[in-house]
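Student: First, the structure itself, so that you have it in front of you.
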Amino acid sequence: MVIDHIHFYVEDVVSQRDRFIKKLAFQSVGCIKDSQTHTEILKSGSVYFVLSSPLSTASPVFKYLQAHPAGVVDVALKLDECSSLPIHLISNGQEIYDQNCADGIIQWTKVRGWGSISHTIIVNTSSTPFCESLLKRSPSLNPARSNLSSSFGECAPTITPDLATVEGIDHVVLNVPSGELAHAVQWYTHLFNFQAEQSFNIRTQHSGLNSKVLVSSDKSVYFNINEPTSENSQIQEFLNLNNGSGIQHIALRTSNLIKLVKRFRKLGQSFLNVPNTYYDQLKTRIQHECLNLLTKSEFQALQEQHILMDWNPCRSASLLLQIFTQPIFNTPTFFLS
């Protein structure tokens, strides 16, 4: 199982498409339009983002945006080629779609997730990526489509071998109201046979949350679920602004975070600032545990780029480097890391 793509509903798909291309080096795959909805498909490495905005009040995107700010509506999961859609995923009567490609068959359905999000479940025996196959569907299913590669000009990023790139999705984070964590965990362990791997109970003088890390059986999909434990928790702030549960952030994976952050900053992407006191405390912790995790110049580069660092002292290979973008959309409910 892998995350196939992430689908967002946004107010203005053109401006958001341009933002992802200009500031985060995504590339345009194409677009789909009908009388109700305009959809753009973008990719960076193996990561596909799908953006949709309404063209009329009849669009499901319009209806969603009446209740929620722009954000994630679908986390699509692709099963192994040898898999079939599990019976418990289709037992409530949702429709199964099949598409014959020149090199195989793509089969998919959509199931309800927690809150207002859904999950497209895909079995793909074709070498054609699911998102790109959408552009090749019959006119009756896809009334209008166009390739946008010629309409971006200098917006389209030029990829060179020495540039750091996004290599995949590391994990997805779902926030749920207080008291719903156990039920949401049960929902996803039943739905996708996820396993609970870790639990966190984080308390500070300003905030608090409970968190459960779920992982697919093949360890390829990590799905974290958080609930607030205080009224002033940043999880509760999200729930208030989002009008309920939702995906708060998606973590992108790269093998060279420092170089990638420098690249994104040069393109104009802004990130959260980290105070110098954090790095003073980090040095003290490293010295206390007598660890040799980074060279002096590497540590300085982390501080200059405001990158966070953590590790499990019981596992020498557990070094985690992470940075958070400023909110991606107008309402501060969604960000990347």
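Student: Of the numbered conditions (1) at pLDDT 95 or above; (2) under 23 Å from residue 170 (Cα atoms), residue 244 fails exactly one; give the number of that condition.
Tutor: (2)
Student: When you scan the range 40-51, do you find a residue that is touching a Ser or Thr at 6+ places or on another chain (Cβ under 8 Å), crowded, with 19+ Cβ neighbours inside 10 Å and part of a loop (DSSP other than H, G, I, E, B), even just one? Even if it seems obvious, please write down each step before you answer.
Tutor: In the first step, residues of the range 40-51 are kept if they are touching a Ser or Thr at 6+ places or on another chain (Cβ under 8 Å); the result is 40-42, 44-45, 50-51.
Of the ones still in play, those that are also crowded, with 19+ Cβ neighbours inside 10 Å are 40-42, 44, 50-51.
When the remaining residues are screened for being part of a loop (DSSP other than H, G, I, E, B), the result is none.
Checked the range 40-51: no residue is touching a Ser or Thr at 6+ places or on another chain (Cβ under 8 Å), crowded, with 19+ Cβ neighbours inside 10 Å and part of a loop (DSSP other than H, G, I, E, B).
Student: Of everything in the range 172-195, what is aliphatic (A, V, I, L, M) and at pLDDT 90 or above? Give them in sequence order. Don't jump to the end; show me each part of the working.
Tutor: Looking only at the range 172-195, we keep the residues that are aliphatic (A, V, I, L, M), and these are 172-174, 176, 181-182, 184-185, 191.
Correct list: 172, 173, 174, 176, 181, 182, 184, 185.
Student: From the list 63, 23, exactly one residue is basic (Lys, Arg), open to solvent by 30 Å² or more (accessible area, probe 1.4 Å), closer than 15 Å to residue 252 by Cβ and out of contact with any His (no Cβ under 9 Å at 6 or more places or on another chain). Which is it? First the steps, then the outcome.
Tutor: Values: 63 fails: closer than 15 Å to residue 252 by Cβ.
None of the others qualify; the one that does is 23.
Student: Considering every residue within the range 210-226, establish whether at least one is in contact with a strand residue (DSSP E or B) (Cβ under 7 Å, 6 or more places away or on another chain), surrounded by fewer than 17 Cβ atoms within 10 Å (Cβ to Cβ) and touching a residue at least 60 places away in the same chain (Cβ under 8 Å). Working first, answer last.
Tutor: Restricting attention to the range 210-226, the residues satisfying the condition of being in contact with a strand residue (DSSP E or B) (Cβ under 7 Å, 6 or more places away or on another chain) are 210-215, 217, 220-226.
The next check asks that each one be surrounded by fewer than 17 Cβ atoms within 10 Å (Cβ to Cβ); those that pass are 217, 220.
Next cut, touching a residue at least 60 places away in the same chain (Cβ under 8 Å) only: 217, 220.
Yes, because at least one residue in the range 210-226 is in contact with a strand residue (DSSP E or B) (Cβ under 7 Å, 6 or more places away or on another chain), surrounded by fewer than 17 Cβ atoms within 10 Å (Cβ to Cβ) and touching a residue at least 60 places away in the same chain (Cβ under 8 Å).
Student: Please tell me if residue 209 is of a type in the set (A, V, I, L, M, F, W, C), within 20 Å of residue 334 (Cβ to Cβ) and at pLDDT below 90. Write out each step before concluding.
Tutor: Numbers: of a type in the set (A, V, I, L, M, F, W, C): yes; within 20 Å of residue 334 (Cβ to Cβ): yes; at pLDDT below 90: yes.
Considered against the rule, which asks whether it is of a type in the set (A, V, I, L, M, F, W, C), within 20 Å of residue 334 (Cβ to Cβ) and at pLDDT below 90, residue 209 comes out as yes.
Student: Sticking with this structure for a sec: Among the residues of the range 220-241, write down those that are modelled with pLDDT of 90 or more, more than 25 Å from residue 64 (Cα to Cα) and of a type outside the set (Ser, Thr, Tyr).
Tutor: Within the range 220-241, just 221 meets the criteria.
Student: When you check residue 65 against the structure, is it in a strand (DSSP E or B) and modelled with pLDDT of 95 or more, yes or no?
Tutor: It is false that residue 65 is in a strand (DSSP E or B) and modelled with pLDDT of 95 or more.
Student: Could you pull out the residue among 15, 56 that is farther than 18 Å from residue 113 by Cα and either touching a Leu at 6+ places or on another chain (Cβ under 6 Å) or not in a helix (DSSP H, G or I) (or both)? Lay out the reasoning, then the answer.
Tutor: On the way: 15 fails: either touching a Leu at 6+ places or on another chain (Cβ under 6 Å) or not in a helix (DSSP H, G or I) (or both).
Going through 15, 56 in turn, the sole match is 56.
Student: Looking only at residues in the range 68-83 that are outside any strand (DSSP E or B) and at pLDDT 95 or above, which one is nearest to the chain's Cα centre (by Cα)? Show your work before the answer.
Tutor: Going residue by residue through the range 68-83, those that are outside any strand (DSSP E or B) are 68-70, 80-83.
When the remaining residues are screened for being at pLDDT 95 or above, the result is 68-70.
On the way: 68: 18, 69: 16, 70: 14 Å.
Filtering the range 68-83 for residues that are outside any strand (DSSP E or B) and at pLDDT 95 or above, the one nearest to the chain's Cα centre (by Cα) comes out as 70.
Student: For residues that are open to solvent by less than 20 Å² (accessible area, probe 1.4 Å) and under 24 Å from residue 175 (Cβ atoms), tally how many sit in the range 250-273. First the steps, then the outcome.
Tutor: Of all residues in the range 250-273, those open to solvent by less than 20 Å² (accessible area, probe 1.4 Å) come to 250-251, 260-261, 264, 269, 271.
Subsequent filtering for residues that are under 24 Å from residue 175 (Cβ atoms) retains 250-251, 269, 271.
Within the range 250-273, residues that are open to solvent by less than 20 Å² (accessible area, probe 1.4 Å) and under 24 Å from residue 175 (Cβ atoms) number 4.
Student: Any residue in the range 25-43 that's without any contact (Cβ under 8 Å) to a residue 40 or more places away in the chain and closer than 30 Å to residue 261 by Cβ: show its pairings with residues that are open to solvent by less than 10 Å² (accessible area, probe 1.4 Å) and in a loop (DSSP other than H, G, I, E, B) at Cβ separation under 7 Å, as long as the two are six or more apart or on different chains.
Tutor: If the second residue must be open to solvent by less than 10 Å² (accessible area, probe 1.4 Å) and in a loop (DSSP other than H, G, I, E, B), the pairs left are 42/26.
The values are calculated or read from the model by the stated rules, or taken from the named source; none is laboratory data. Everything numeric here is computed off the predicted structure, so don't read it as measured data. Here the Cβ is made from the backbone with ideal geometry for all residues, glycine too, and neighbour counts use every protein chain on show. Surface areas here come from the heavy atoms of the whole protein model, side chains and all, with no ligands, DNA or RNA. Shrake-Rupley method; radii C 1.70, N 1.55, O 1.52, S 1.80 Å.
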